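First up is the structure itself, then whatever we jot down about it.
Read the figures in this text as sums done on the coordinates, not as results from a lab. For clarity, every value in this text was computed on a predicted model and none was experimentally measured. Cβ: placed from backbone, ideal geometry, glycine included. Neighbour counts: every protein chain shown.
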Amino acid sequence: MAQISLTLPDGNARSYDAGITAGEVAADISKSLGKKAISATVGGAHYDLAWPIEADAEIAIHTMQDEEQANELVRHDLAHIMARAVQEIWPDTKVTIGPVIKDGWYYDFDRAEPFTPEDLGLIEKKMKEIINKRDPVRTEVWDRARAVKFYEDNGEPYKVELIDAIPGDEPLRMYWHGEWQDLCRGPHLQHTGQVPGDAFKLMSIAGAYWRGDSDRAMLQRIYGVAFTGKEKLRAHLNMLEEAAKRDHRKLGREMDLFHMQEEAPGQIFWHPNGWNVYTTLQDYMRRKQRADGYKEVNTPQVVDRKLWEASGHWDKYQEHMFIVEVEEEHAKEKAINALKPMNCPCHVQIFNQGLKSYRDLPLRLAEFGSCSRYEPSGALHGIMRVRGFTQDDGHIFCTEDQIEAECAKFINYLAGVYDDLGFTNFEIKFATRPEQRVGSDESWDHVEGALEAAIKATGRDFTLEPGDGAFYGPKLDFYLTDAIGRVWQCGTFQVDPNLPERLGATYIGEDGAKHRPYMLHRACLGSFERFIGILIEEHAGKLPFWLAPRQVVVASITSDADDYVVEVVETLKAAGVRAEADMRNEKINYKVREHSVGKVPVILAVGGREVEEKTVSVRRLGDKQTSVQPLADVANALGLEATPPDLR
RNA sequence: GCUGCUGUAGCUCAGAGGUAGAGCACUCCCUUGGUAAGGGAGAGGUCGAGAGUUCGAUUCUCUCCAGCAGCACCA
């Protein structure tokens with residue numbers, strides 16, 4: 001029997017017969033480790049304790065204390081236990097796949113009857129029974145033909161299809177939790193009783209397409225969350241509750257920012273408070289982009305289909321466009337227009353007016369461009385995914401050699417804006433050439449190289465998304481996260497040689513000949529709507545003072561202070577602060593509560609003492625403490641705070 | 001768009017085959033109260049829209065619309 005050498009984390013090497021399992025190694029190290037072991041990392045791979053080890057490797061034995069591995073195993077075993085429970089309760093259910101995801105797992109089932117919320121309780125109960133049985137987990141490696149036969153005989157067509165989709169011809173790993181069987185890569189725990197029975201919860205039922213393909217069957221997906229202990233589960237559920245309080249739809253109502261109604265799905269009625277945030281942000285962006293070398297433009301909303309045909313959008317996105325037909329009495333044919341779904345073709349029209357010289361490049365055009373897209377009904381989400389929105393759009397016309405510098409310039413611009421708005425963490429994804437594309441490999445090499453060099457020059461991390469670029473060029477996407485961890489694309493930077501080509505954009509080069517410019521599509525916030533949604537959730541409604549729609553409420557404690565309240569409000573307004581008076585016949589407690597719920601950052605209470613001393617009692621949102629300060633000082637300080645960061 | 005769920009007062013929700021209720025918000029009165037809800041009275045609803053079953057529908061059935069969760073989509 002061949003010998004292999006296994007190196008432990010402490011550097012010690014041990015010699016074993018090839019084919020020994022990690023479970024046996026753990027038991028050999030110590031009896032207690034043998035009992036506590038749940039899995040191992042062998043040569044960098046996560047190993048089941050029952051798998052044989054055939055070659056020299058570094059090995060680390062894991063116990064429930066190793067959060068990462070323990071969570072993976074617990075969640076993965078729960079996926080199997082849940083599938084078993086479902087099939088025990090409803091034997092006609094077909095199983096498909098059940099992977100581990102962030103905080104838990106899901107499993108997709110095919111069953112004629114829909115699962116109900118009450119069913120979740122039944123399934124949970126059955127799962128706990130299975131856990132209490134401490135059924136052994138067993139694994140074997142089968143050849144394909146045997147596995148296919150097995151699933152055909154058991155009436156599990158999805159499993160047969162999965163096997164067909166696994167490339168190559170290697171044998172397959174089979175797992176049993178008790179008598180219940182599943183095709184699975186593993187690893188798993190050793191028996192069902194190792195799963196903490198009080199640290200998981202089934203969360204929701206939803207539809208999901210088989211293999212993520214909308215042309216195929218709709219399955220029923222059950223989501224669960226699981227942790228290694230019940231305290232961690234509780235903390236997670238708590239976090240979700242807190243996150244729900246930050247939902248921009250809820251805060252939008254509480255702060256009286258906007259509303260939506262069914263006559264205009266996916267479009268926003270901005271209330272005075274919300275529009276104040278919007279315009280304050282827009283004014284800020286206008287100054288920022290002007291300072292960064294952009295020229296602001298504005299283009300039409302309703303544009304003849306001819307332009308969309310020329311740009312290629314009519315062909316590809318017609319069903320996502322709002323079509324406007326105009327029938328004029330004397331017209332030979334009725335005009336068919338579309339509300340613009342994007343601004344780029346219009347910007348090319350501006351570029352195309354008059355001859356452009358290489359001396360004009362890079363030409364940076366910016367527009368707060370209102371766009372309308374007929375998004376699928378199921379995609380709509382508060383103000384984050386809407387049908388009517390305004391991009392902080394911009395297009396840079398430049399030469400190939402200017403791309404890298406423009407990209408670096410844009411990333412710095414974006415980082416500065418995000419920083420001012422309270423986001424220091426954002427994710428950059430670099431999407432490169434897809435299979436279906438236009439342009440030469442040489443040109444792709446050059447452009448991708450330019451983007452990569454530009455990001456690297458900023459020293460920021462990025463993740464590579466190979467094949468995710470647009471058909472015409474690579475792109476960078478910038479992502480922010482909402483209250484419950486959903487990730488939203490905000491900024492973008494895309495290199496496009498295609499649209500200038502289609503719409504005939506040219507410039508006169510140094511050589512006197514016409515050349516084709518590159519077009520860089522870029523947006524920093526993405527859309528004001530989505531960005532404000534994220535801003536609300538990120539700050540839990542406590543917007544930075546300069547952005548807060550209602551900055552200060554001056555509240556009287558007794559009506560004797562009313563005149564002074566007016567004086568304080570006027571003083572603050574003169575200092576550039578959005579201040580309002582609250583002289584209602586209500587107790588100060590009541591006023592403080594109401595304006596706190598409304599997320600007003602500063603409440604100034606004034607009563608007899610303040611009138612006497614020309615002071616105000618300052619209370620900041622979220623603080624329990626108040627402090628009495630001279631009015632002049634407070635007006636000064638708040639005036640500064642009310643100034644947008646780029647003007648301080 | 002797909003699967004499932006939901007739709008009752010401005011908001012949060014209760015209710016039942018015999019034409020509707022609470023709390024908060026709103027209006028008025030009393031109260032002048034020192035930092036997250038003082039007291040009283042009043043007003044407010046085509047029970048998402050349409051059709052069907054029924055003596056009678058807001059309640060049951062169907063269709064549509066919108067919202068929520070997830071999937072698919074996101075130029």
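Counting only aspartates and glutamates at least 8 places from A:LYS288 when in the same chain, those with an alpha carbon closer than 12 Å to its own are A:GLU296, A:ASP392, A:ASP420, A:ASP646.
Within the same chain, aspartates and glutamates fewer than 8 places from A:LYS306 are excluded, and of the rest, those with a Cα less than 19 Å from its Cα are A:ASP315, A:GLU319, A:GLU325, A:GLU327, A:GLU328, A:GLU333, A:GLU501.
Partner lysines whose Cα lies under 22 Å from the Cα of A:LYS514, excluding those fewer than 8 positions away in the same chain, are identified as A:LYS356. Subtracting the Cα-Cα distance of A:LEU640 and A:GLN301 from their residue separation scaled by 0.36 nm leaves 118.2 nm. Pairs from the list A:LYS245/A:LYS542; A:LYS126/A:LYS230; A:LYS250/A:LYS599; A:LYS36/A:LYS126; A:LYS94/A:LYS149 with a Cα-Cα gap above 23 Å: A:LYS36/A:LYS126. The residues A:GLU538, A:GLU67, A:GLU319, when put in order of fewest to most other Cβ atoms within 10 Å, stand as A:GLU319, A:GLU67, A:GLU538.
Cross-link pairs out of A:LYS35/A:LYS232; A:LYS295/A:LYS340; A:LYS295/A:LYS409; A:LYS102/A:LYS128 include none exceeding 25 Å in C-alpha to C-alpha distance. All other residues with a Cβ under 14 Å from the Cβ of A:LYS591 taken together, and with Lys, Arg as +1 and Asp, Glu as -1, what is their net charge? Net charge around A:LYS591: 0. Extension gain, A:ARG359 to A:LEU33, is 110.1 nm, computed as 0.36 nm per intervening residue step minus the present C-alpha separation.
When Rg and the Kirkwood Rh are both derived from Cα coordinates, the Rg/Rh ratio for segment A:1-136 amounts to 1.09.
Computing Rg and the Kirkwood Rh from the Cα coordinates of chain A gives a ratio, Rg/Rh, of 1.04.
Just the number, please: Stokes-Einstein D of segment A:309-399 in µm²/s, Kirkwood Rh from C-alpha pairs, 25 °C, 0.890 mPa s. D = 158 µm²/s. Toward the positive end of the charge dipole of segment A:1-148, with +1 on the Cβ of Lys and Arg and -1 on the Cβ of Asp and Glu, the farthest Cα among A:ASN12, A:ILE38, A:ILE101 is that of A:ILE38.
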